[in-house]
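Visitor: Pasting a structure here, questions to come.
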Amino acid sequence: MSKEHANLANFEGKLYRYQPYSGDYIKYLSDLVLHNKIYYSSTLRFNDPFDCKLYGIKFSEESVIQFMRKRLEHQMRLFDRVMPQGMIRPDSEQLTELLDVTIQQSRDKTIEDCAEALQELHKLVENEIGVLCLSSDPLNILMYSHYADRHQGICLEFTLDKDSMFNPQPVRYVKDYPALEFGLSDDVNLALAVALISTKSIDWAYEQEHRSLRGGGAGIVEIPGHYLSGIIFGCAADDETIQAVTDVVKQSSKSIKLYKAVKSDSSFTLHLEKK
């Protein structure tokens, strides 16, 4: 499990961001197109009450005990090196019994310490991580309904190289909270952080989400100008919205392509038409 979560994506291709074109979002788009600035959100503002709050996440008890055993065995090897002359070393059977007793006595405390560490990690994610939410699907009817003002807004298209600063992580959709392997290593710590930020209920699978993360919490980030490669108008976007966005793109002198999501005549689907 830890390896699965710790495997950072090396994404290359297109990702999309759905948003309204009203209120503050008018300025947000202008800042992005003209000044290459985009806003990373706080995890506290997410609409899913479980998002980044996996307090039920657990370390498997087997992996905790295995870790404790290895640590104690390592301590015993160190003790062997400095053991005073004349001191009688316990035989292997006695050592095994001693290890088992020690592990049993400290198991509950170790698991409690794990829970406290997890609480601290939640606070760190809430205060120190900014998230940019993206989707791999530019034609998702529900996404336009939920995030792009009932199809009256827009969908931003980003074209990314493998070494992009976004480094987007695919969200993993599951029914139950993940159980992670325990250990004190960078891989395990990374697996835990990614599990917290990039694991959601299977109910959200339709979003096909990827997340770009930054340290320092929510805020404005400047990105390379070529990332934004297109803007898609929702199928219910009015002429005023289309003209306003088109004018901003013209001011930028960037080669940003404009599209319109169009309803199919024969199915519950959308397709793109160039503007």
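Visitor: Could you calculate the FRET efficiency of E240 with K53 from 1/(1 + (r/R0)^6), where r is the beta carbon distance between them and R0 is 30 Å, rounded to 0.05? Please report the intermediate quantities before stating the final value.
Guide: Working: r = 39 Å, r/R0 = 1.31.
So, using R0 = 30 Å, E works out to roughly 0.15.
Visitor: Report, as a whole number in µm² per second, the diffusion coefficient that Stokes-Einstein gives for region 192-275 at 37 °C and 0.692 mPa s using the Kirkwood radius over alpha carbon pairs.
Guide: It comes out at roughly 201 µm²/s.
Visitor: Over region 218-275, what relative contact order in percent results from Cα pairs under 8 Å that are six or more residues apart?
Guide: 33 percent
Visitor: Using a Förster radius of 41 Å, what is the FRET efficiency between S264 and R77 based on their Cβ-Cβ separation? Nearest 0.05, please.
Guide: In this case the efficiency is close to 0.05.
Visitor: Amide H to amide H under 5 Å from H210: which residues, 5+ apart in sequence or cross-chain, H placed 1.01 Å off N in plane?
Guide: L134, S135, S136, V171
Visitor: Could you work out how far apart the two model spin labels at V174 and E112 are, taking each label as a point 7 Å from the Cα in the direction of the beta carbon, and quote it in nm?
Guide: Here the answer is 2.7 nm between the modelled labels.
Visitor: If you take every DSSP beta bridge whose two residues both sit in region 136-275, what share of them, in percent to the nearest 5, is antiparallel?
Guide: 65 percent
Visitor: For the pair R45 and K123, how long in nm is the line joining their label points, each one 7 Å along Cα→Cβ?
Guide: If labels sit at R45 and K123, their model points lie 2.4 nm apart.
Visitor: Which FRET efficiency value, to the nearest 0.05, is calculated for Y25 and K250 with the Förster distance at 25 angstrom and r the Cβ-Cβ distance? Kindly include the intermediate steps, with their values, before the conclusion.
Guide: Values: r = 19 Å, r/R0 = 0.77.
It comes to 0.85.
Visitor: Right, here's the next one. Work out from phi, with θ = phi - 60° and the Karplus expression 6.51 cos²θ - 1.76 cosθ + 1.60, the ³J(HN,Hα) of each residue of region 29-41, listed in order in whole Hz, and give x for Gly and Pro.
Guide: Per residue, the Karplus-derived 3J(HN,Hα) values read 5, 4, 4, 5, 5, 8, 10, 6, 10, 9, 9, 9, 8 Hz.
No lab work stands behind these numbers, since they all come straight from the coordinates. Keep in mind that what you see is a predicted model, and the values were worked out from it rather than measured. Cβ atoms come from the backbone with ideal geometry, glycine included; neighbour counts cover every protein chain shown.
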